[in-house]
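The values are calculated or read from the model by the stated rules, or taken from the named source; none is laboratory data. All of these numbers come straight from a predicted model, not from anything done at the bench. Glycine also receives a Cβ, built like all others from the backbone with ideal geometry; neighbour counts cover every protein chain displayed. Protein only, heavy atoms only, side chains kept; ligands, DNA and RNA dropped before computing areas. Shrake-Rupley method; radii C 1.70, N 1.55, O 1.52, S 1.80 Å.
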Amino acid sequence: MKNIILLHGAIGAKDQLEPIAAELKQQGYNVFTLSFSGHGQIPFATNFGIEQFAWELEQFIKENNLDKPTVFGYSMGGYVALFLAHRNPTILGNIITLGTKFEWNPSIAQKEVKMLDSKTIIEKVPKFAEALQKRHGQDWELLLQKTAEMMLSLGNKNALTLNDFTSIENKVWIGLADKDTMVSLEETTAVYKQLKNGAMYMLPNTKHPIESVNVGLLVRIVQGTL
């Protein structure tokens with residue numbers, strides 16, 4: 001059985017990937033999911049950010065004795081996987097991303113941070129606030145704060161430069177939803193062109209949230225990379 005790890009995005013958790021995991025399991029794959037520290041009611045680690053999450057992914061692979069597993073990373077999860085591939089070229093197998101934001105600068109970070117104000121969410125989108133509290137527990141507002149700090153840090157200094165992607169030897173499929181308003185075609189294409197073993201795919205009639213994805217179609221794409 002082929003091993004695949006599914007990684008969630010920022011302010012997400014592994015439960016969001018259960019529909020994809022269930023479908024892959026039905027197709028005969030050995031599927032692993034994890035929530036990064038601070039997410040999904042997992043305690044916060046001393047550090048928070050891409051480097052910390054990449055370390056957690058690396059430890060997860062070692063603890064489960066996985067030999068170059070395939071990784072599907074949604075949004076931030078894709079960034080974490082590529083960061084780890086850049087840092088440790090021998091630990092991962094194929095990488096599939098979807099909706100990963102690669103372009104960061106101060107203005108982009110400021111724009112994204114505005115979406116993470118807990119008081120505004122409670123006032124304007126109370127159902128979303130309830131969902132966040134249910135998913136992450138009583139520290140959900142702290143998670144938003146730390147995620148905002150992470151984004152501002154990326155805006156000041158991107159953890160991966162375009163040139164960094166040229167060193168990644170893994171086969172990488174870069175994915176984008178055609179109606180994603182957070183991630184641009186231009187930044188996605190720019191990264192794809194830097195990869196030595198890269199390919200690109202687009203999901204039709206799909207928005208950024210993972211819940212909008214056609215699971216059957218995505219699983220067929222993932223199967224084609226395994």
(request) Mind counting the residues in the range 207-226 that are among the hydroxyl-bearing types (Ser, Thr, Tyr) and more than 10 Å from residue 96 (Cβ to Cβ)? (result) 1
(request) Being part of a helix (DSSP H, G or I), over 30 Å from residue 224 (Cα atoms) and open to solvent by 20 Å² or more (accessible area, probe 1.4 Å) is the filter here, so list the residues in the range 152-173 that pass it. (result) 152, 153, 156
(request) Can you give me the number of residues within the range 1-15 that are hydrophobic (A, V, I, L, M, F, W, C) and free of Cβ contacts under 8 Å to residues at least 40 places away in the same chain? (result) 1
(message) Return the pair list, or none, for Cβ contacts closer than 6 Å from residues in the range 203-226 that are farther than 19 Å from residue 9 by Cβ to residues that are surrounded by fewer than 14 Cβ atoms within 10 Å (Cβ to Cβ), at least 6 apart or on different chains.
(response) 204/178
